[in-house]
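Scroll down for the structure; my scribbles are underneath it.
Quick note: the coordinates plus some simple rules give every number you see, no bench work behind them. Source: prediction; values computed, not measured.
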Ligand SMILES: C[S@@+](CC[C@H](N)C(=O)[O-])C[C@H]1O[C@@H](n2cnc3c(N)ncnc32)[C@H](O)[C@@H]1O
């Protein structure tokens, strides 16, 4: 399952319940996909779910998700919009999925742990988000995330920084793209 406004499910052709925050976002996304002649694979379900208010898995089960099957939960770019209680609740729900389930997500570091480029990016993204009514409300340190994962009964496989996401040789570039710490 994938959380948020993206087209990964359509691109990968995978079957997945895809929660969005607002119902109108799902309707708009479907319109855009149709206009671009991108078909939505059978089995992809767009499920409105405000994770700050509703438990993730309960909402998905209502929409047909089989909680006995192991699942992969991708919720990149989402935790910064939720408070800590909602993040912990969602991690707990993922921790309660069938054995072998996995998740990938990201979070923003507290201001003191950002580098200059990360702080600049955060300042831009925070102002855009806030002006759209979606402010960043939570930043987390790596050890806090590790504790939340343990509390949720999840094993941490890795917590890489952006600079670690790809082979270090790929950061030796002549353009201005650089890893930042955020
Ligand atoms: C920056 S986008 C990330 C989209 C996508 N997951 C990605 O990685 O490209 C932020 C997403 O957070 C989701 N979001 C924000 N607040 C949320 C909430 N309260 N409940 C559920 N999703 C939320 C929205 O669906 C929005 O698409």
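Between 0 and 90 degrees, rounded to the nearest ten: what's the tilt of helix 142-151 against the longest Cα principal axis of the chain?
30 degrees
With a/c under 1.5 counting as rounded, go ahead and sort segment 25-121 into rounded, prolate or oblate using the C-alpha gyration tensor (a ≥ b ≥ c being the square roots of the eigenvalues; past the cut-off, prolate if a/b is larger than b/c, else oblate). Present the calculation step by step, with values, prior to reporting the outcome.
On the way: a/c = 2.10, a/b = 1.24, b/c = 1.69.
Oblate.
How far is helix 116-131 tilted, in degrees, relative to the longest principal axis of the Cα atoms in the chain, given as a value from 0 to 90 rounded to the nearest 10?
40 degrees
Using Cα pairs closer than 8 Å and at least 6 residues apart in sequence, work out the relative contact order for the chain, in percent.
Value for the chain: 19 percent.
Considering only 122, 63, 85, give the residue with the highest GNM mean-square fluctuation for the chain, with springs between Cα atoms whenever their separation is below 10 Å.
With Cα springs under 10 Å in the chain, the top fluctuation among 122, 63, 85 is at 85.
Find the relative contact order for segment 68-171 and round it to a whole percent, using C-alpha pairs within less than 8 Å whose residues are 6+ positions apart. Walk me through the numbers before you get to the answer.
Numbers: 102 pairs, mean separation 34.0, N = 104.
After rounding, I find 33 percent.
Relative to the first principal axis of the alpha-carbon coordinates of the chain, what is the inclination of helix 84-95, with its axis defined by its Cα atoms, in degrees from 0 to 90 and to the nearest 10?
60 degrees
Can you give the Rg to Rh ratio of segment 76-165, both from alpha-carbon atoms, with Rh computed by the Kirkwood formula?
0.99
If each residue of separation counts as 0.36 nm, what is the full-extension length gain between residue 72 and residue 126 once their alpha-carbon separation is subtracted? Write out the running numbers ahead of the final one.
Numbers: separation 54, 0.36 × 54 = 19.44 nm, distance 2.83 nm.
Answer, rounded to one decimal: 16.6 nm.
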